[in-house]
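Okay, structure first, notes after.
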Amino acid sequence: MVVENAQEQTARVEAALPADFVENEMSLLHYSRKLFPLLPFKTIDILLVDEIGKIFSSFGADSNVTGRNYYAHAAAEGEFPKIRTIVYRDLHPKSHGNAIGVGHAEFVRSRLVRKMDAKTTRLNSLTAGMPTLAAVPVDYETDREILDAAFSLIGLTPSSRAKIVWIRNTASLRDLECSEAYVEEVNQREDLSVQSGLHPLDFNYNGNLRDFVTEHDECHEVTEMGSQANTLQFPGL
């Protein structure tokens, strides 16, 4: 019996006698569930995802990570994390235009839409029996425009207190950035470590963030320390 981790690497190999097979398999099933990639917070106002694609999940982004296994735009009862707004910023080149799962986001960067092969995306979504996976969300050219729109959806919460998480993709969760609203929680948790202090969002002159929250291209194995978080300040935009 072979168990893989979140990066599709072999995590454990076990042999069992026929009489012990069922019991051992159940034990490995419980073990495998502990290896699922997970975001470290239960509630998120805005999740920024740098890239989606079939190489990360059959739906472009792992719905176990985004908390949207059952509904396209909300978590089911008892499902976590509960994310108000998901933003997809780009499509991985190895997806070759297949943007299946794009319909799970509320907003996308316009560059993702331009890279999308509509015919391929629709065919894959229909094959999966979920045509909404190909539905194109509201798109904007810049990250600043997207965040302005996303902040308008979180009610009376000021942007400085918004709960925002920024990841590269749903297969790379060891390094992430989170907003100031999470600082107290991060400092109290042993499974999280802080890599840097508060810093403002680094918009360029076009109103865009850097392409990737982290420059690591490979998928990370989660260590005993769990996730590492940079903390961001989100002043009024």
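May I ask you to list the residues in region 49-83 that are of a type in the set (V, I, T) and within 19 Å of F107 (Cβ to Cβ)? Don't jump to the end; show me each part of the working.
Residues of region 49-83 that are of a type in the set (V, I, T), as a first pass: 49, 52, 55, 65-66, 83.
Answer for region 49-83, where residues must be of a type in the set (V, I, T) and within 19 Å of F107 (Cβ to Cβ): V49, I52, V65, T66, I83.
Taking E177 as the residue in question, decide whether it is surrounded by 13 or more Cβ atoms within 10 Å (Cβ to Cβ), within 21 Å of D45 (Cα to Cα), in contact (Cβ under 8 Å) with a residue 24 or more places away in the chain and more than 17 Å from the chain's Cα centre (by Cα).
Values: surrounded by 13 or more Cβ atoms within 10 Å (Cβ to Cβ): yes; within 21 Å of D45 (Cα to Cα): yes; in contact (Cβ under 8 Å) with a residue 24 or more places away in the chain: yes; more than 17 Å from the chain's Cα centre (by Cα): no.
Taking the combined requirement at face value, the residue does not satisfy it.
Kindly establish whether T66 is in contact with a Pro (Cβ under 8 Å, 6 or more places away or on another chain), in the same structural domain as G103 (by TED's automatic domain parsing) and in contact (Cβ under 8 Å) with a residue 40 or more places away in the chain.
yes
Does L91 satisfy the condition of being modelled with pLDDT of 95 or more and touching a strand residue (DSSP E or B) at 6+ places or on another chain (Cβ under 7 Å)?
On the way: modelled with pLDDT of 95 or more: yes; touching a strand residue (DSSP E or B) at 6+ places or on another chain (Cβ under 7 Å): yes.
In short, yes.
I'd like to verify a number: residues in region 9-50 that are of a type in the set (G, A, S) and surrounded by 13 or more Cβ atoms within 10 Å (Cβ to Cβ), how many? Break it down stepwise before answering.
Applying the first criterion (of a type in the set (G, A, S)) to region 9-50 yields 11, 15-16, 19, 27, 32.
Still in the running and surrounded by 13 or more Cβ atoms within 10 Å (Cβ to Cβ): 11, 16, 27, 32.
Qualifying residue count for the region: 4.
From (1) among the small types (G, A, S); (2) in contact with a helix residue (DSSP H, G or I) (Cβ under 6 Å, 6 or more places away or on another chain); (3) surrounded by 16 or more Cβ atoms within 10 Å (Cβ to Cβ), pick out the condition that doesn't hold for G97.
Result: G97 fails condition (3) only.
Could you identify the single residue in V136, V165, V113 that is β-branched (V, I, T) and in a strand (DSSP E or B)? Walk me through how you get there before you give the answer.
Working: V136 fails: in a strand (DSSP E or B); V113 fails: in a strand (DSSP E or B).
Criteria check complete, one pass: V165.
Can you name the residue in region 1-34 that is touching a strand residue (DSSP E or B) at 6+ places or on another chain (Cβ under 6 Å) and aliphatic (A, V, I, L, M) and is also farthest from T85 (Cα to Cα) among such residues?
Among those that are touching a strand residue (DSSP E or B) at 6+ places or on another chain (Cβ under 6 Å) and aliphatic (A, V, I, L, M), it is V13.
Taking the condition of being closer than 23 Å to R144 by Cα, in contact (Cβ under 8 Å) with a residue 12 or more places away in the chain and either charged (D, E, K, R) or not assigned by TED's automatic domain parsing to the domain that holds K163 (or both), how many residues in region 83-120 meet it?
Matching residues across region 83-120 total 7.
The values are calculated or read from the model by the stated rules, or taken from the named source; none is laboratory data. In this text the structure is predicted, and so the values were computed from the model without any measurement. All Cβ positions, glycine included, derive from the backbone under ideal geometry; neighbour counts span all protein chains shown.
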